[in-house]
Amino acid sequence: MIYIVDSSLSEADGATARAFLDTARADLEIAPVSELRTVESIVAVDFDAADAVVFVNPPRSDLKDEIEGMLRRAAKAGAVVLPVALDAAGRRPPDVVGDRQSFDVADHHRRRGLTADQDGVVARAFSREALSKILPTYTKDHLRVFLCHRREDGEGLVASIGARLNDRHGGLVFRDLVEVQAGERAQERIDEELARADVLVFFDTPLAGESWWIAKELSGALGRNIPIVWVYIESEKERTPLPVVPGVPEPHVRVAAEDLDDERLGRLADTILEQAFDLSRAHVRASYAAIRALQDWAAEHHGRVEALDARLMVYELTRPVVERPYPTRAAVDVVQVFARHPTDEDLASLEQYLTKEEMGPHRRNCRAFDAAVLLDPTATGHRVVGDWSVVEHPERFLATLRVGHPTKRPASAPAPRLLILGAFPSGDLGAFEVTTAIQVLTTTWLDLGGALVFGGHPTFTPLILEAARLSESGHGLEHVTMFQSKWYSSPAVLEDLESKVTVRAINEGHDRATSLTAMRMAMIHHGSADAVVAVGGRTAEGGKHVPGIDEEIGLARAARLPVHLLGATGGRAAELVQRARMERVPFETLGNHLNGEANQQLADGDDYAAMARMIWQSVADNANGA
């Protein structure tokens, strides 16, 4: 049970606290939720180790003893205690749980580049973090860590760090080429280990930019949406620029190699693990979105989703009976939702659970369900395990349910083109949100049968190309067109890109600014795309920067292309959402054929697969004159 202490029992601003908790509760209700609204309920509630309690700091002064008593009981029972700080005054929880870290709302606004009216976005981020602590399939004690480094100037350091990570982490650490045994096919082994990784740790040494292996590993992690911890090794040596940026504006950790004695190496290993666990929890979004999508699908198609065990995230999905001339039973799948890679132990645990519940598998493999599906948000292809279970990506599983809805493009019809605009905002969380949005939009649109258009970007390029390579459609790269300013690319880079996708190289402009404008004008013209989506983007940053996304959207609207804004990605897109809401007819100037409610979903939501399908359906309806 998740207990939520009512906002009226806090000294924080009541309206703000209530809105935050209401939004968070909507996401937390995938587990049982109960509100504690009165002094009597605070005094009477009891806890066990499976429970959690959510409250906003600081508690009301006249109820200090009662609330501290409740928190003391929760801590003693081993329940998860989740304090929320709406502002700086609330960052320290009561002394009885003073060792708990508060969820800092103001800090999330700052790090993600969100506007003041986007508390709902932060509340959903809180609910994901809370669920990762409450529900064991959302996180685990031992992550699979992939260490990426250049051997010429990083091998000794990474060997020392790897040993300390192994000591602290139970041996689930892989060091790219160093771990490949003689006679093994290096690329196959590395691809296999990367596909299994929960997080990649990149050691950025001066020579890292020269390595083809590092570029490929970073691209692979970005394309699979595997979190990257960027460790920057400071040095006076000349550095080779990185061909692939690790997905955030700044490194997570900076350290000088010559300062790393034994004690500092240990602290560095601890810091890396903390960052790895923090970033790995980001996949809770994909898992929760899968549950919501299952529930939405069941409601629309007369199916049923029943929680068999909410804490273990085991659900029974009953699909409607197929019409046939004789009696048949409804199809039933058992679905267990993960925000990490399911392990062999997870598979054994699920079988034990199903056997204990007398659902099977029994003698002769008899069972009360058709398939057991373990949903893994980083799976690159379904993996059959035994005779009855399969590990699958949530979107690919949901696609099997959505046959014909929305309709995939007929093979003979032109592929609808989605133009992706944007860049990373400031803040590490905003960058991860943009990476997630780009990866999901890319794979969903291509799997529906569409095509993509985008402008070359240091991180967008490898991210989109790797996601396209891994798309279920099997021909994603064939449907990608990239516009690239020659101002930024060498002939060798262009030649490599042209071997993968359609490249439109623009050789115009006499400096950085004019070359970008020339590329944008070539990329955005009437008929160049069927829809435009804006993701993230740098803000004006106090007058220090001119947001490029503004010029791109202006050109798109001048070319009569419909524009869609994804507000949860933060940055300039969030600011433009705020402006569009204030129009006489909200969102009217975007010209995207969606009503206000649908645009609001794009503005505040983070189910990017659902958003891609919404845009796809809008394009189809508009093409058909609907």
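The values are calculated or read from the model by the stated rules, or taken from the named source; none is laboratory data. Since the model is a prediction, treat every value here as computed from it, not as a measurement. Cβ atoms come from the backbone with ideal geometry, glycine included; neighbour counts cover every protein chain shown. Surface areas here come from the heavy atoms of the whole protein model, side chains and all, with no ligands, DNA or RNA. Shrake-Rupley method; radii C 1.70, N 1.55, O 1.52, S 1.80 Å.
Some observations on this one:
- Beta bridges by DSSP in the chain, antiparallel share as percent, to the nearest 5: 20 percent
- For VAL201, residues with placed amide H under 5 Å, excluding near neighbours: PHE146, LEU147, CYS148, VAL229
- Highest mean packing first, where packing is the average number of other Cβ atoms within 10 Å per residue, the peptides 574-585, 239-250, 503-514, 431-442 line up as 431-442, 239-250, 574-585, 503-514.
- Listed pairs LYS237/LYS544; LYS133/LYS356; LYS216/LYS486 exceeding 24 Å between Cα atoms: LYS237/LYS544; LYS133/LYS356
- Solvent-accessible area per residue in the chain equals 44 Å², computed with a 1.4 angstrom probe and all protein chains kept.
- When the alpha-carbon atoms of the chain are used, the pair Rg, Dmax equals 25.0, 78 angstrom.
- Accessible area per residue was computed with a 1.4 Å probe on protein heavy atoms; ASP99 scores about 130 Å².
- Ranked by the mean number of other Cβ atoms within 10 Å of their residues, highest first, the peptides 10-19, 253-262, 147-156, 292-301 fall in the order 147-156, 10-19, 292-301, 253-262.
- Overall form of region 198-280 per C-alpha gyration tensor (a/c, 1.5; a/b vs b/c): oblate
- Share of pairwise Cα separations in region 236-342, more than 19 Å, in percent: 66 percent
- On the beta carbon distance between GLU66 and GLN295, with R0 = 30 Å, the FRET formula returns roughly 0.25.
- Rounded to the nearest 0.05, the FRET efficiency derived from the C-beta distance between ALA399 and ALA522 at R0 = 41 Å is 0.75.
- In this rough spin-label picture, where each label sits 7 Å from Cα along the Cβ direction, the GLU495-ASP46 distance is 7.6 nm.
- Probe 1.4 Å - accessible area at THR318, Å² to nearest ten: 20 Å²
- Remark: region 387-399, residue by residue, has Karplus-estimated 3J(HN,Hα) of 9, 9, 10, 8, 9, 9, 6, x, 5, 5, 5, 5, 4 Hz, where x stands for each Gly or Pro and the curve is 6.51 cos²θ - 1.76 cosθ + 1.60 at θ = phi - 60°.
- In terms of its Cα atoms, region 563-618 spans 28, 24, 15 Å along the principal axes, sorted from long to short.
- Accessible carbon and sulfur surface of the chain relative to its total accessible area, %, 1.4 Å: 49 percent
- Estimated distance in nm for a label pair at ASN595 and ALA215, the labels positioned 7 Å out from Cα along Cα-to-Cβ: 4.9 nm
- Summarising the amide proton neighbourhood of LEU308: residues at separation of 5 or more, or on other chains, whose placed amide H is nearer than 5 Å comprise VAL314, TYR315, GLU316.
- Extension gain for ARG304-GLU358 works out to 17.4 nm (0.36 nm per residue, less the C-alpha to C-alpha distance).
- With N as its number of residues, region 36-175 has a Cα radius of gyration that, divided by 2.2 N^0.38 Å, comes to 1.38.
- Whole-Å distance, taken between Cα centres, linking region 513-530 and region 118-161: 37 Å
- All Cα-Cα separations within region 10-98 were binned at 10 Å from zero, giving a P(r) of 16, 52, 32, 1, each value a whole percent of the pairs.
- Less than 5 angstrom separates the built amide H of ASP606 from none of the residues sequence-distant by 5 or more or on a different chain.
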